[in-house]
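The values are calculated or read from the model by the stated rules, or taken from the named source; none is laboratory data. Just so it is clear, the structure is predicted and the values come from calculations on it, not from any experiment. Cβ coordinates were reconstructed from backbone atoms using ideal geometry, including for glycine residues, and neighbour counts include every protein chain displayed. Side chains are part of the model used for accessible areas, which takes the heavy atoms of the whole protein and leaves out ligands, DNA and RNA. Shrake-Rupley method; radii C 1.70, N 1.55, O 1.52, S 1.80 Å.
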Amino acid sequence: MIPRYQTVLFVILLVASVVMGAVLWQLRNRDRQRLLEVENSLPTQAPEAAPEQQATLYVANDADGSVAAEVFSLPLPQNPNERARAILGKLLDLYAAPGSTHPVPGGDASIAHVFLLPAADGNPAATPSGATPSTENRAPSGPELAVVDLTRSFAANHPSGLETETLTILSICATLHANLPRITQVRFLVDGQPCATLAGHADLTRTYLTGETASTAAADR
Amino acid sequence: MRRSTRLLAVLIAAAVSLPSTAQAQSASSQAPPAPPARFVVVLDAAHGGSDPGARIGGLPEKTITLALSVRLRSLLSARGISVVTTRESDVTLSSERRAEIANHADAQACLSLHASMTGSGVHLFVSSLAPAQPVRFEPWNAAQAAWVLRSMALEGALNSALRHAGLTVTLGRTLLPIIDNISCPAVAVEVAPDDESGRASTQAAAASLDDPGYQARVAQALAAALVEWRSEGASQGEDIGADQP
Ligand SMILES: [Zn+2]
């Protein structure tokens, strides 16, 4: 015969474990609900794939020192900064590809950022170096200055020479102006800092005028 | 610090340009025929010292540019042309200092010599500054603007001599501090590998740049162009270094 106190203890333990089980079930349900709510509050739409559009790239050729227009189809975001970045990324991908007419390693990843700012009036050479990127107070239709921030590794691995460095600068400037005609001036930074030259030759302390670069392309001469 | 050096450089440039204009004015006021002006060429072996320039095979660009400068200097001296060089040894020189040397020389031509592994033949570059009328106090970093048209004429003379020697020539415009700061006809000359070897292999390309035969061909063509440039100036009966067209 089981003693009475043991029966009572058994019943108490049974009730306790049932109650604990119920509480755990409740807690689990509540957390699950909370998690689902968080998930629901996140945007359900996947980031829209930018539609494929045509872009004119000015592709450099070391053999004859020319920069020639070629049309490519690529996904282009609506935002002008992202658009400029995507176009330059495609240009540098061409240069990094095997059999390139202007071989430069790095490709798309070499463009850290592209910022468009309202172009300064007057003498562009007087533009202070290291303009702080800002999208505030942008004139909706005025001429724009593109600040192209290149990565340190792109500059470090760029072949050194007057022709090759000049062609890289010319093709970037001409490509920006061809696709975003409001870009009339271009400045270059390396890892966010002003830099004296690209790889020992081409002057990066200046503001390049895109109209000037189009007319100075060797192909025109 | 940097700004004050620039200011000093502007003052020096102004000081240099004043006597030269005075000289030009006195020359034009004299009765013809004008006495033959001293013909001076500035040779700038680019890079040097802590700035090795491009890597060409096992050699730094600075060594090749110095060798070319020395070779060209003796060819020009042999033809009775006075030569001023920016460096004769492996020393570090700022582009401001190089321009200062060039501007002090009161030269009729300045060649900034480079070498590169990309492309082939010889690349000639003139400043892409927009041509401007000469002014009394020109901005230090845009002194070349007043000389761009003369520089393009010099580039034309170099181009035809190099082509005549069977070399491939590529013409371009660029913004290069040393050239932009010079007040005389100035061209940057970049020697790239020989046409055929450039396409064969990297080693062959580097070897061709280091080849004395190829260097001699380029130097002789450049010297011939400068002799032509001197006679062109003499036949025009003017001091081509001091006057604008
Ligand atoms: Zn060089």
Condition (residue is open to solvent by 60 Å² or more (accessible area, probe 1.4 Å) and part of a strand (DSSP E or B)) applied to the range A:99-112: is it met by at least one residue? no
Residues of the range B:37-67 that turn out to be within 10 Å of the ligand (Cβ to nearest atom) and in a loop (DSSP other than H, G, I, E, B), as a count: 5
Out of all the residues in the range A:43-57, which are modelled with pLDDT of 85 or more and open to solvent by less than 70 Å² (accessible area, probe 1.4 Å)? A:GLN53, A:ALA55, A:THR56, A:LEU57
Against the condition within 16 Å of the ligand (Cβ to nearest atom) and at pLDDT 95 or above, how does A:LEU150 come out, does it pass? no
Just to be sure I understand the filter: pairs with C-beta atoms under 6 Å, separated by 6 or more residues or on different chains, first member in the range A:189-202 and within 12 Å of chain B (Cβ to nearest Cβ), second member polar (S, T, N, Q) and within 13 Å of the ligand (Cβ to nearest atom). Which pairs pass? A:ALA199/A:SER160; A:GLY200/A:SER160; A:ALA202/A:THR166
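Looking at the range B:179-203, which of the residues that are at pLDDT 80 or above and open to solvent by 30 Å² or more (accessible area, probe 1.4 Å) is nearest to B:ALA145 (Cα to Cα)?
It comes out as B:SER183.
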Boolean, A:LEU88 is modelled with pLDDT of 95 or more, open to solvent by less than 50 Å² (accessible area, probe 1.4 Å), more than 14 Å from the chain's Cα centre (by Cα) and not polar (S, T, N, Q): no
Criterion first (at pLDDT below 95 and more than 14 Å from chain B (Cβ to nearest Cβ)) does A:SER129 satisfy it? no
Name the single residue that is surrounded by the most Cβ atoms within 10 Å (Cβ to Cβ) among those in the range B:54-97 being among the basic types (Lys, Arg) and under 24 Å from B:GLY119 (Cβ atoms). B:LYS62
